[in-house]
Every structure is written in structure tokens, then in C-alpha cells.
Amino acid sequence: MRPKVLVTRKLPQQALERLERHCDVDLNGEDRPLTRQELLNRIRDKDGILSMLTDRIDAELMDAAPKLKVISNYAVGFNNIDVKEATRRGIPVTNTPGVLTESTADLTWALIMDVARRVSEGDRVTRAGRWPGWSPMWMLGQDVHGATLGIIGMGRIGKAVARRARGFDMQVIYYSRTRLPEDEERALGVSYRPLPDLLRQADFVSLHVPYSEETHHLIGAAELAMMKSTAYLINTARGPLVDERALVRALREGQIAGAGLDVYEREPELAEGLAELDNVVLSPHLGSSTWSTRLKMAELAVDNLLAPLQGKRPPHLVNE
Ligand code: DGY
């Protein structure tokens, strides 16, 4: 019997076709996430699910799917899944690391450059016909070259962001739960700082840690207060790492210079007041959104989904 799998959003065609060669695929072909009820109904007879970060995969959903043998998440982050519960039930959970590292690092840099040099803000002004013409003291931003970049979380993406900083002659400092070996620090040109020191010294603070209960509101009012008034916060990791209400206050009061955000606490909603601020660049969770990266993610998610259904260990298991 062919396994039955649920794919909760449309994926690049060639990955879907490969999956269809091995499984009966129930694909949500609509251009929207499944509602909770739809998810619960459609998972019932399934052996596997290829889920998105917008799908909450919890005990209730696992209860509704007595045959579930694998949860393959189409993302490197997996905070949408109750991994502990899946592990308790012996269900492998997988993610798509590695393939989106460089694209996410690129997007991080897009936000750094944009917010520091006021590109989106200037674009809005120019389009609206409010450009008064070249002026010596108008729309001044901060230099990126030669500045200090503070990276919080020195995993794959943090390192890729650090590598790019070399071209800008930046000093790169980092904070991470585990400090890198000295030779790796040297090779990357980064130096370790305790978190408060990093916050006080960095001109750009960029977040690259996974979201969990421990990292919830890692950056709140107290941390924002430690940052320089000329510094920027960049978040391409997960929204709830930052207390958005505290961030709006800090941005409004000029406690920090600005923020470049790709992720939000309650996507796709924005915290009250955020969209009204000129000193923020807001991109809609685009970290991995290039054609080539999304295709690689899809191929990896399919590999991860098929392996347990064929009695094999999936390439990227996240259960501990
Ligand atoms: C991830 O993979 O976790 C990203 O947020 C998806 O773009």
C-alpha cells in the first residue's frame, strides 16, 4: 500500500512530482494555510505530513492522526511543532537546515543596508513626490562599513552573516550559548562577548538563534536599553525573540536608531504602532524566499518525509 501524506501548501513542482511517485499526496492547492479544522480533518488517515511554519503541530493534531509516522517541516526552524510530544509518541520530526543559510544571510544584509542607509524610507518619500531635492543635511544615515556588528547566535546563519561582514571591514563580535573554538573564531574574524557587552558595543545587533521557551523575548526593554542610541536591531530569525511592544517604544523614543525586521511576534499581524515608524524596515518573512533555496528546501523536505516511510533514518532529524 502506498503511504498517504498531507502537504499543507503548494511546493516547487519537481519536488512534488517526486513525492507523488512514492505516495498518495493530499495537497492543499489553495494559496492560503489550512485552517485548524481543515488540518485536523485532512491529517486523519495520513502516514506523514509535510508542514509549514504556519501549521501548529501539537498533541491535538497528533491525536487526530493515529497513523502518523513522520512530520517533515519545510523550514529550518521548528518552533511550530511540539517536538517533545512527537518524540514521546516515537514520531520523527525533521527540518531543512543548511540549504537556506546563505539566502537568509543575504536578506539579513539587505535589512542592515536598508535601515542604516534609509533606502526604503527614501523610496517612500521619493515615490510620494516629497523629495525636496539634494540637500546636505537630509536623510542622513549611519555607515555600515567599519561599524561593529554584534551577532547573537553563531550557528550556520550567524557565521554566514559574519563572513559577509569582512567585505565591509567591520568588527564582528558575537554571543552564543556555546563559544566557538579559538581557531574558528580566528578564521571567521569574530570575538566573543557576553550578551550585555555585545548589546552595549554593537552598532548592529543581529539575531540568529532558534526560538524556544528559553529564548522568548531574548530582547526586551532591558536589553534595548543597553543598546547604543545609534544602533540598529536586525531580526531574520523568529519574531517572539523580541518583545515587539518594547521595541516599538524604544524606536519611538529614539532609544535605538532603527530596526530591520523580517519576522514578527504574531505573523502576519504587526505590533501596534510598528508600521507607522519611519526608522524600521519591515519585510514579510522573506529570509529563504529565493527560487533556488525554496526548491532545495522542498527537495530536502521530501527526502525527510520519504525516509521514515521507507524504513530509513531521515537526513535531518530534530528529535533529541
Ligand atoms: C525557516 O526555515 O525557519 C525560515 O524561517 C523559513 O523561511
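The values are calculated or read from the model by the stated rules, or taken from the named source; none is laboratory data. All values reported here derive from a predicted model rather than from experimental measurement. Don't worry about glycine lacking a Cβ; one is built from the backbone with ideal geometry, like all the others, and counts go over all protein chains shown.
Only one of the listed residues (108, 148) is within 16 Å of the ligand (Cβ to nearest atom), touching a strand residue (DSSP E or B) at 6+ places or on another chain (Cβ under 8 Å) and either within 18 Å of residue 228 (Cβ to Cβ) or in contact (Cβ under 8 Å) with a residue 60 or more places away in the chain (or both). That residue is 108.
Only one of the listed residues (108, 178) is modelled with pLDDT of 95 or more, surrounded by fewer than 18 Cβ atoms within 10 Å (Cβ to Cβ) and within 26 Å of residue 210 (Cβ to Cβ). That residue is 178. Just to be sure before I move on: is residue 120 away from the ligand (no atom under 16 Å from the Cβ), hydroxyl-bearing (Ser, Thr, Tyr) and within 23 Å of the chain's Cα centre (by Cα) in the structure I sent? Criteria met by residue 120.
Could you tell me which residue of region 53-67 is nearest to the ligand (Cβ to nearest atom), considering only residues that are surrounded by fewer than 22 Cβ atoms within 10 Å (Cβ to Cβ) and assigned to a loop (DSSP other than H, G, I, E, B)? Selected residue: 53. Here region 211-237 is the region considered, the condition is being touching a Gly at 6+ places or on another chain (Cβ under 6 Å) and within 16 Å of the ligand (Cβ to nearest atom), and the residue that is farthest from residue 269 (Cα to Cα) is 234.
From the list 105, 86, 147, which residue is under 18 Å from the mean Cα position of the chain (by Cα) and either more than 30 Å from residue 278 (Cα to Cα) or among the hydrophobic types (A, V, I, L, M, F, W, C) (or both)?
It is 105.
Identification of strands (runs of 3 or more DSSP E) wholly contained in region 1-51 with 3 or more residues that are buried (at least 20 other Cβ atoms within 10 Å of the Cβ) yields 4-7, 48-51.
Being within 18 Å of the chain's Cα centre (by Cα), closer than 20 Å to residue 315 by Cα and within 16 Å of the ligand (Cβ to nearest atom): is that true of residue 50 here? No: the conditions fail for residue 50. Note on region 241-279: residues that are crowded, with 21+ Cβ neighbours inside 10 Å, within 16 Å of the ligand (Cβ to nearest atom) and in contact (Cβ under 8 Å) with a residue 60 or more places away in the chain total 3. Is it true that some residue in region 196-208 is in a strand (DSSP E or B), among the β-branched types (Val, Ile, Thr) and touching a helix residue (DSSP H, G or I) at 6+ places or on another chain (Cβ under 7 Å)? Looking through region 196-208, at least one residue is in a strand (DSSP E or B), among the β-branched types (Val, Ile, Thr) and touching a helix residue (DSSP H, G or I) at 6+ places or on another chain (Cβ under 7 Å). Confirm whether residue 11 is under 19 Å from residue 317 (Cα atoms), out of contact with any Cys (no Cβ under 7 Å at 6 or more places or on another chain) and not assigned by TED's automatic domain parsing to the domain that holds residue 157. The answer is no for residue 11.
Just to be sure I understand the filter: pairs with C-beta atoms under 9 Å, separated by 6 or more residues or on different chains, first member in region 21-37 and assigned by TED's automatic domain parsing to the domain that holds residue 10, second member basic (Lys, Arg) and part of a strand (DSSP E or B). Which pairs pass? If the second residue must be basic (Lys, Arg) and part of a strand (DSSP E or B), the pairs left are 23/4; 24/4; 25/4; 26/4.
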